[in-house]
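The values are calculated or read from the model by the stated rules, or taken from the named source; none is laboratory data. From a predicted model like this one, the values you see are computed outputs, not experimental measurements. Neighbour counts are summed over all protein chains in view; Cβ atoms, including those assigned to glycine, are modelled from backbone coordinates with ideal geometry. All accessible areas refer to the heavy atoms of the entire protein, side chains included, with ligands and DNA or RNA removed. Shrake-Rupley method; radii C 1.70, N 1.55, O 1.52, S 1.80 Å.
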Amino acid sequence: MSPTLASVPGSCCSSGVKHTGTPVGRIEDLGGIQTYISDPPASAATQKVILYLSDIWGSLFINNQLIQDYFASCGYLVLGPDYFFGDAVPNHPPERDLETWLANALKPAVDAFPAWLEAVKAKYGTEKTKYCTVGYCFGAPFVMDLCSDGSVVAGALVHPTSLDESHFEKLEGPILLSCAEDDFLFPLASRRRAEDIMVSRKSTYYLQVFSGVTHGFAVRGDPDIEMERE
């Protein structure tokens, strides 16, 4: 088995700050998965699509909805599948065991994803459509697979989990990595090893590390803390 670089989601993934705002997207079934859909401005072309692959809080959590709406405002059609089928972290009772839930949630998500992607292409795809993807935490390995098989023109990872060396050894498309300085799930040594692999393969990549923040900052950061807000 390929050496692990980013561990599976942990306790830090199930905490954070709920943000406020009014989502403007809608929820529709795509390929058997409830999907948050946020449209670009009416004046924008819809030939650019972002596949938004969420953390364990799910694409329907308000923080993730607001992020998707922001991407849409920049001219993208944004599609966020609820691959937890309504059983994401915000819907868990306090006593729910995260490790057990993850063990049971992974396979249904992986199994359902190909049909969802085909439904996306069937509904929104044209000869000119360009697909990009961004994955937060749990969504990271989905992004790496899409960037390895030619399904997207570019991908992005944000405080990723569940990655091993083989994900970087198979990488073909351009990738952006946005990492927390303090992240025990994807620590400094792992980031450097990932970069070493990408350098050796002459991958197209950009790696940025945000100081003073921890895993989850990009989705559930505290707006009252300057380093997390900015």
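Brief remarks on what is shown
- One equal scatterer on each Cα of the stretch 10-125, no solvent, Debye formula: the resulting log10 I(q)/I(0) at q = 0.16 Å⁻¹ is -0.76.
- Computed over the chain, relative contact order equals 23 percent, with contacts defined as Cα pairs under 8 Å that lie 6+ residues apart.
- Average Cα contact separation per residue, the stretch 1-125, under 8 Å, 6 or more apart, as relative contact order %: 28
- Comparing THR133, THR20, THR204 in a Gaussian network model of the chain, where Cα atoms under 10 Å apart are tied by springs, the biggest mean-square fluctuation is seen for THR20.
- Set against the 2.2 N^0.38 Å expectation for a compact globular protein, the stretch 40-93 has a Cα radius of gyration ratio of 1.23.
- FRET efficiency for the pair VAL209 and ALA103, taken as 1/(1 + (r/R0)^6) with r the Cβ-Cβ distance and R0 = 41 Å, rounds to 0.85.
- Cα-based reach from LYS123 at 23 Å (exclusive), listing lysines while leaving out same-chain residues under 8 positions away: LYS48
- Protein accessible area in the stretch 6-62, 1.4 Å probe - carbon and sulfur %: 54
- Summing Cβ point charges (Lys, Arg +1; Asp, Glu -1) relative to the Cα centre of the stretch 178-230 gives a dipole of roughly 520 debye.
- Extent along principal axes [Cα atoms of the stretch 160-215; Å; largest to smallest]: 30, 18, 15
- FRET efficiency for TYR70 and VAL199, using Cβ-Cβ distance with R0 set to 45 Å, rounded to 0.05: 0.90
- Percent of Cα pairs in the chain per distance bin of 10 Å, from zero to the largest separation: 8, 34, 38, 19, 1.
- Computed about its Cα centre, the charge dipole of the chain is approximately 620 debye, with only Lys, Arg, Asp and Glu carrying charge at their Cβ.
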